[in-house]
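Right, one structure below, let's go through it.
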Amino acid sequence: MAVAYGSAAAALPGSALPAPAEINLDDVVVTSIAPYSTGSRSITTPPGSDITEKALP
């Protein structure tokens with residue numbers, strides 16, 4: 001439901017909040033994805049990415 005409200009809010013002018021009638025839950029699809037991890041405590045990026053890794057505390 002939060003995704004539907006966010007999507008509806010992005011379509012409205014300014015900072016208006018959508019009314020319940022302005023959201024469409026049937027248009028929202030949430031898909032689970034597997035995390036990309038090497039098991040270390042760092043932010044890891046997929047191979048070939050131009051983003052550098054950063055160690056976490």
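The values are calculated or read from the model by the stated rules, or taken from the named source; none is laboratory data. Since this is a predicted model, take the numbers as computed values, not measurements. In this analysis, Cβ positions are derived from the backbone assuming ideal geometry, glycine residues included, and neighbour counts consider all displayed protein chains.
Remarks
- In the stretch 9-32, the residues that are part of a loop (DSSP other than H, G, I, E, B) and among the aliphatic types (A, V, I, L, M): LEU12, ALA16, LEU17, ALA19, ILE23, VAL28, VAL29, VAL30
- Selected residue (criterion: modelled with the lowest pLDDT) from residues of the stretch 37-56 that are in contact with a Lys or Arg (Cβ under 8 Å, 6 or more places away or on another chain) and surrounded by fewer than 10 Cβ atoms within 10 Å (Cβ to Cβ): LEU56
- Residue pairs meeting the criteria (Cβ under 6 Å; at least 6 apart or on separate chains; first of a type outside the set (Asp, Glu) and at pLDDT below 85, in the stretch 17-36; second surrounded by fewer than 10 Cβ atoms within 10 Å (Cβ to Cβ) and part of a loop (DSSP other than H, G, I, E, B)): TYR36/PRO46
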